[in-house]
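Each reported figure results from applying straightforward, stated rules to the coordinates on display, with no laboratory input. Since this is a predicted model, take the numbers as computed values, not measurements. Every residue, glycine among them, receives a Cβ derived from its backbone with ideal geometry; neighbour counts consider all protein chains shown.
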Amino acid sequence: MSIMVETFPAVAFGGQFQNAFIGRVSDLDVLTDREAALARLAQHHEQARHDLGFAGMAFVTAEQVHGDGVAIVDARTHSPVAGVDALITNAPHVCLGIYVADCCAVYAIDTVNNCIGLAHSGKNGTALGVVPAMLKKMACAYGTDPAQVIVQLSPCIRPPLYEVDFAAEIVRQCEAMGVGEVVDCGSCTGQNLDRYYSYRLEKGRTGRMLALLSLTERSRSEE
């Protein structure tokens, strides 16, 4: 079996932040419901986290209810965090995780205050403004100025395979808030089933990609 993994240079910011996007695991049967698929993927995701340098970190995920809730987390946080779709932290040794299968994982790094956020934003979450809510929570908790933030959008489903271009709306929302840099990878999950899972194209019985984001020791030592 092989695992499709990519990283985004924009939110690595010269090594101060660590990120990854774990895609499809080849030859793994995930033709089942979400919880069963995640159970089958668990050991592969754990091995990938280890191989990618996230080993030894607290792994914190969100319940992901397609809302706009945001939680401040640290290494003591019980995971998954109930009732939220976005996580933020300035704590070392914490790996944020968001699962997606057509929805967008939205990475945010504050390059001045050394804090991070990771959101699950699909059609509903985007309409509710989960990404702006995450950025506002970072501002309240850590003094984040959107002008100092870099935002990265993961692969997600896009027109013509989906009726709503929520990726474009996320970009618009970020620009309206004055985010310093917004990068959209542009990949469509539905058009790349060799690399990604697609809830729409695979009729709800499929796996999940896993977005990962953490601070590095370098970013902590520079505070």
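Some notes on this structure:
- Pair Lys136, Gln191: separation of 7 Å Cα→Cβ label points (nm): 3.4 nm
- Here the calculated FRET efficiency for Ala55 and His78, from their Cβ-Cβ distance with R0 = 25 Å, stands at 0.75, rounded to the nearest 0.05.
- FRET efficiency, 1/(1 + (r/R0)^6) with R0 22 Å, evaluated for Asp27 and Leu161 via beta carbons: 0.35
- Bridge type composition, the chain - antiparallel percent by DSSP, nearest 5: 70 percent
- Put in order of Cβ neighbour count within 10 Å, fewest first, the listed residues Asp184, Asp27 become Asp27, Asp184.
- Counting only Cβ charges, +1 for Lys and Arg and -1 for Asp and Glu, the dipole size of the chain around its Cα centre is about 260 debye.
- Partnerless cysteines in the chain, where a partner means another cysteine C-beta under 4.7 angstrom, comprise Cys95, Cys103, Cys115, Cys140, Cys174, Cys185, Cys188.
- Proxy reagent accessibility, fewest Cβ within 10 Å first, across His45, His93, His50: His50, His93, His45
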